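To start, the structure under review is shown below, and the notes come after it.
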Amino acid sequence: MFLDAPKVPEIHRLLESGRPAAVNKLANAQISLTVSLFLALSHHLLSRAGNVEMARAIAGLNLSGVERGIRCLELDGPQLSAEPFGAPSFDLYRIGSKADLLSDEWSLFYDRFRRSAANGRTSGMFRGVGGVLGEMGDNVVWHAFEAEDRPCPALAGFHVTPSFAAFCVVDWGQGFLRSLRRSAKWAGLSTDGDALDAVVNRQATSRPDEEVGGGFKQLFNSLLDFNGVVILRSGSCAYRLENHGDIRQVTVRESSSTIGSSVTVVIALHGSPLEKELVIA
Amino acid sequence: MLKICITGLLPANPRLNGATVGEAHAEQVRAAIAAAPLAGGGIAVLDFGGVESASASYLKRLLSLFFDAKTPPVPVLVNVEAADLVEDLEDYLSNKGRVLVVAHEVRNELRLSRLLGRMDGAAAETFQELAKLKEATALQLYERHRERTTNQTAWNNRLVQLVNLGVARRRREGRFWIYQPTVTTN
């Protein structure tokens, strides 16, 4: 089972082994949206690096959503949706440049998430969560990219079922720690855990002209209305913040260092909010 | 008067999210300001009609264009109607310690609807007084309320603060600065 975002370092280790046979351990695995996006990004980077065998091994797994992710990353040009105003259960969007975020397709994408998650319910809460997906995607170009002319590949995706809604943004960028260290205020941070703590608890931002970051505050505030969980992963650390009414439970998990970062948000209508197997209808 | 429709900026969206879109919109507003003569008391009217919400990162990029500038135009917002948008603006401005004028148009003239954001007690009191009088000098305010401050300088500082916040403007007449609210109050 490779459902949780914190499983990503484990998968990263398999890929780092450089042996296609190791990748086969993932054959027939149940994977979540986050893992699916991570594998698609891994395929993309391995292909670009000329590691055709490993890339082929990932594609050959035929895991849910991975092929869509691979195609999405290979696409050159506008990411037109067949149903721009639809409400699909699963959808993806590549974030490789500012242009991707300035395209109408981007706002249509996160509006499709809002529509799918709301499932006919009219509520400002879902509007808020759709907006948060927009903010998290926006963070990629400001924080994951080392500079505007030094982008990194990233994917945003969502998965909605009648009982839960999840979205995720995975990037292969510089991670929270390096991003924050660009600001004099946060230059002293030394670990990935410190960086995540600064973002979650002290509204840290890498933008030199800004005192505090607002994106994650918006994310957590939106989640207050929901039975939800946020998983932030960067470098060697994963933060899991679970919301139960007024009580927020934080779990920190250390692992081996993994490139890039991810933000996963799961909202459950009933029961515990958990990442679920990505099943595409 | 320079009027900019926010929903006319590209990419157009009733729900405005992200610094990237904010930056793109700020660029278009900057270009419109540069192309327009600064008439109407140096005011730029930002028409939020049709906008449902705006995230803090969007507002930061759009409004810093005005807040960081030391010169006009002063932004005045019209058609701020959606409840979410009002809340977004209030949150952003309160955190920033800034205030924005929201106005409505009456026969092609702007009239004050309300202020969004937070002003400290002394500034709020001075603005109320100025709104009541339509225009005033620091000396006039001091003479009307001698019990409140020990000298005229305090009123002068308060009035300058209102100008810096964009809720008042001033013109020189002889030795005096005459202050008035950025837009008419009734």
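Computed values, structure above
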read-out	value
Cα gyration tensor, segment B:1-103 - rounded (a/c under 1.5), prolate or oblate	rounded
In segment B:30-97, GluC sites (Glu not before Pro) in a DSSP loop with at most 15 other beta-carbon atoms within 10 Å	B:E81
Cα centroid separation - segment A:134-158 against segment B:110-138, whole Å	42 Å
Within chain A, helix-based [θ] at 222 nm, where runs of 4 or more DSSP H residues each add -39,500 (n - 2.57), nearest 500	-11500 deg cm²/dmol
Sequence-distant residues sharing a close amide H with B:A168 (under 5 Å, placed H)	B:V163, B:T182
Reach of A:K25 by Cα under 27 Å, taken over lysines that are not fewer than 8 positions away in the same chain	A:K7, A:K276
Peptide A:124-136 - average C-beta neighbours from other chains (10 Å radius)	4
Ranked by how many other beta carbons lie within 10 Å on average, peptides B:123-135, B:107-119 from highest	B:123-135, B:107-119
Average partner coverage of B:57-64, which counts Cβ from other chains inside 10 Å	3
Equivalent ellipsoid, chain B (semi-axes from 5 times Cα gyration tensor eigenvalues, Å)	31, 17, 14
Shielding of B:5-13 by partner chains, average beta-carbon count, 10 Å	2
Net dipole in debye of chain B [+1 Lys, Arg Cβ; -1 Asp, Glu Cβ; about Cα centre; nearest 20]	780 debye
Alpha carbon centroid spacing (whole Å) that separates segment A:57-132 from segment A:230-244	22 Å
Helix runs (DSSP H) in chain A reaching 15 Å along axis by Cα, Kyte-Doolittle at least 0.5	A:33-48
Partner lysines for B:K96 [C-alpha distance under 16 Å; skip if fewer than 8 residues away on the same chain]	A:K217, B:K60
Global geometry of segment B:66-120, whether rounded, prolate or oblate, following the gyration tensor of its Cα atoms and the 1.5 cut on a/c	oblate
Protection proxy ranking, peptides A:226-235, B:170-179, average beta carbon neighbours within 10 Å, highest first	A:226-235, B:170-179
Three-way shape call for chain A based on the alpha-carbon gyration tensor, with the a/c threshold at 1.5	rounded
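Where a number appears in this text, it was derived from the coordinates with a stated rule and is not lab data. Predicted model only: the values in this text are computed from it and were never measured. In this analysis, Cβ positions are derived from the backbone assuming ideal geometry, glycine residues included, and neighbour counts consider all displayed protein chains.
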